[in-house]
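Notes follow once the structure below has been shown.
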Amino acid sequence: MDRQQEFVLRTLEERDIRFIRLWFTDVLGTLKSVAIAPAELEGAFAEGIGFDGSAIEGFTRVYEADMLAKPDPSTFQVLPWRGERPGTGRMFCDILLPDGSPSLSDSRQVLQRTLARAADMGFTMYTHPEVEFFLLEDGKGDPTPVDQGGYFDHVHNGTGHDFRRQAIQMLEAVGISVEFSHHEGAPGQNEIDLRYADALSTADNIMTFRTIVKEVALEQGVYATFMPKVFADHPGSGMHTHISLFEGDKNAFYEAGAPYQLSTTARQFMAGLLHHGREFTAVTNQWVNSYKRLWGGGEAPAHLTWGHNNRSAMIRVPMYKPGKSQSTRVEVRTLDSACNPYLAYAVLLAAGLKGIEEGYELPPETEDDVWSLSDGERRAMGIKPLPASLSEATELMENSDLVAETLGEQIFDFFLRNKRREWEDYRHQVTPFELQRLLPRL
């Protein structure tokens, strides 16, 4: 037994932890959980806990259903929201087949594989997400925000203050460091930014973050949603992610004296993101509602562009802080906070690494507000659009060797089937817009 496993077992005894929740994520990014007693944990560390994989979205087929969830002791934390003794701990799991080999449908291992590829090239990926979400009075069909605040507003006696304070306390109790929090631009919209961490820890943290935010909202009698576009007339919720690659302790994105202090590696990484951006959008923006955010204005990026402090671009280069070479990074603004973070970070990294391997050349910077340009002006500047719908994004993904290789055949095929079905279900709806616009006239 290794030291981390011994630490977990000792902590269970010292802190009177009687329940352990084993967490993992299905292909669509939904958190799954199974509880075990402490007496079962040594066996779980050694062999995993068996479950029916055919009952999990995208995991396996009925005739090959047996799977194992093997906890990762490095992810152990005591859950903070019960306020009771005995307590409850949690760990993320890797999903295995009965012979002990990695499951090809485990999205956490998709990211681990891609990170291992980066490591073979000498790189470690660090990420810092800015997670936006809405607080609503309830989760029913007619959404009502809990306040009418705007960007950075101090809402007197507002739900958001107490909510953010309690959520941050819980996040920090499970080892997730928070950098900033504030009211966002739309009524009821909030943002909490997580501190820089390696990409796998960040993806685990995002799954924990979404769970804690939902729990705190329920405790306070409100509803939290990560739906990308809740209100047609207000901005949607994104998950802008700052990315940098490190070679040991050295920031591989930094080069003194280069434009914006961006190294050749950084520029090639950015070029990879832009070159393959249309192909992986179905993964970073996986819901039919995601495209209402991308194409709904409100500083959401809808075109494959980059710029220095340009908030309408897909990739923004934040302002360089003199003397802080470690902080040189790029910000990818397309992701929404309802994506599967393991798959989303895997495809971003794979595209960036492809740009480095192939020596892609970064196109010219876009200084204009891309939304203010006409279609003709954008075409003349060579600016390509992101997919305008889940249907278009799925077609582009289907023809992408990069995404297929990154996700693996099983997840790639399931994802495409699921998204095609979602689009078909959406197309069959008769919407309130059609009834209001057409019924009185036709």
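Since every read-out is calculated from the coordinates, none of them should be taken as a lab result. Computed from a predicted model, the values in this text were never measured in an experiment. For neighbour counting, all protein chains shown are included, and Cβ atoms are generated from backbone atoms with ideal geometry for every residue, glycine included.
Return the long-range amide H neighbours of LEU79 (sequence gap of 5 or more, or a different chain), with a cut-off of under 5 Å between placed amide H atoms.
Amide H neighbours of LEU79: THR88, GLY89, ARG90.
Going by how many other Cβ atoms sit within 10 Å of their own, how do ARG316, ARG441, ARG165 line up, fewest first?
Ranked by crowding around the Cβ, least crowded first: ARG441, ARG165, ARG316.
What is the fewest-to-most order of LYS354, LYS250, LYS214 by other Cβ atoms lying within 10 Å of their Cβ?
Starting with the residue having the fewest Cβ neighbours, the order is LYS250, LYS214, LYS354.
For the chain, modelled as a Gaussian network with Cα springs under 10 Å, which listed residue fluctuates most, SER372, SER33, SER325?
Result for the chain, Cα springs under 10 Å: SER372 fluctuates most.
Let a ≥ b ≥ c be the square roots of the eigenvalues of the Cα gyration tensor of the range 105-145; is it rounded (a/c under 1.5), or, if not, prolate (a/b larger than b/c) or oblate?
oblate
Of LYS292/LYS321; LYS140/LYS229; LYS229/LYS419; LYS292/LYS419; LYS324/LYS354; LYS70/LYS229, which sit over 24 Å apart, Cα to Cα?
LYS292/LYS321; LYS324/LYS354; LYS70/LYS229
Check every DSSP H run in the chain and write down those whose alpha carbon atoms cover 18 angstrom or more along the long axis and whose mean Kyte-Doolittle hydropathy is 0.0 or greater.
199-219, 341-358
Calculate the FRET efficiency for GLN169 and THR88 from the Cβ-Cβ distance with a Förster distance of 22 Å, rounded to the nearest 0.05.
0.80
Test of understanding: ordering TRP287, TRP423 by Cβ neighbours within 10 Å, fewest first, what list do you get?
Least to most surrounded, the residues fall as TRP423, TRP287.
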